[in-house]
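Colleague: Okay, here's the structure, questions in a sec.
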Amino acid sequence: MKRSKQHFSGRGYKIIFMKLSWGYKIMFVYIAFVAGMGFLVFKASSQKFDLVTKDYYDQELKYQQVIDQAANSSRLSAPVTIERKEGELKISFPDELKNKKKLVDFYLYYAADAKKDFRKSFELNENELAQALPVGMKGMYELKLSWEAEGVKYYLEKKLFF
């Protein structure tokens, strides 16, 4: 006598296994694969991503200028100091830039969301800058500070956590 069902008992539960032909098993694996791929396509298409900049390729071609500006800032007599206080960043320039007109570009870049980026450009004659920060800044930001004094361009990058 041939049985189509086998009864096993384990831990008080009866588990019934049905014999399936190989055709049903292949069909089940194929349907699971198609459903999984459909889920991955849905998740990938609904993923939000922001590029670093809209004109990324042009910026990459001009990166040698950024390297030269960073080298200029490393040649200063003292490094630019950045202090974080209650709701503001205090940036102090070296004494050799004291009382010189500086065109400053202050950019806080947030990698996860372009809406949280903060950029401000201004002209500065003092040697210190106290920049108020927007309310609710949390996470890892990258400060990209560039300035020009007496025709020489400088650049500084520093990671900040708020």
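So that you can scan it fast, the table gives a plain yes or no per residue for (1) hydroxyl-bearing (S, T, Y); (2) within 18 Å of A132 (Cβ to Cβ); (3) outside the structural domain of L145 (by TED's automatic domain parsing):
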residue	(1), (2), (3)
I67	no, no, no
S74	yes, no, no
E86	no, yes, no
F106	no, yes, no
A111	no, no, no
A114	no, no, no
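Colleague: Sticking with this one: Condition (residue is in contact with an Asp or Glu (Cβ under 6 Å, 6 or more places away or on another chain) and surrounded by 11 or more Cβ atoms within 10 Å (Cβ to Cβ)) applied to the range 59-68: is it met by at least one residue?
Modeller: No.
Colleague: Given the criteria loosely packed, with under 11 Cβ neighbours inside 10 Å, in a loop (DSSP other than H, G, I, E, B) and under 25 Å from the mean Cα position of the chain (by Cα), does K115 qualify?
Modeller: no
Colleague: A further question on this structure: Go through (1) in contact (Cβ under 8 Å) with a residue 24 or more places away in the chain; (2) surrounded by 12 or more Cβ atoms within 10 Å (Cβ to Cβ); (3) more than 18 Å from K85 (Cα to Cα) and name the single condition Y107 misses.
Modeller: Failed condition: (3).
Colleague: Given the criterion more than 20 Å from K144 (Cα to Cα) and surrounded by 11 or more Cβ atoms within 10 Å (Cβ to Cβ), identify the matching residue among M37, M27.
Modeller: M27
Colleague: Can you pull out every residue in the range 1-37 that is small (G, A, S) and either modelled with pLDDT of 55 or more or touching a strand residue (DSSP E or B) at 6+ places or on another chain (Cβ under 6 Å) (or both)?
Modeller: S21, G23, A32, A35, G36
The values are calculated or read from the model by the stated rules, or taken from the named source; none is laboratory data. Everything quoted here is computed from the prediction, not taken from an experiment. For neighbour counting, all protein chains shown are included, and Cβ atoms are generated from backbone atoms with ideal geometry for every residue, glycine included.
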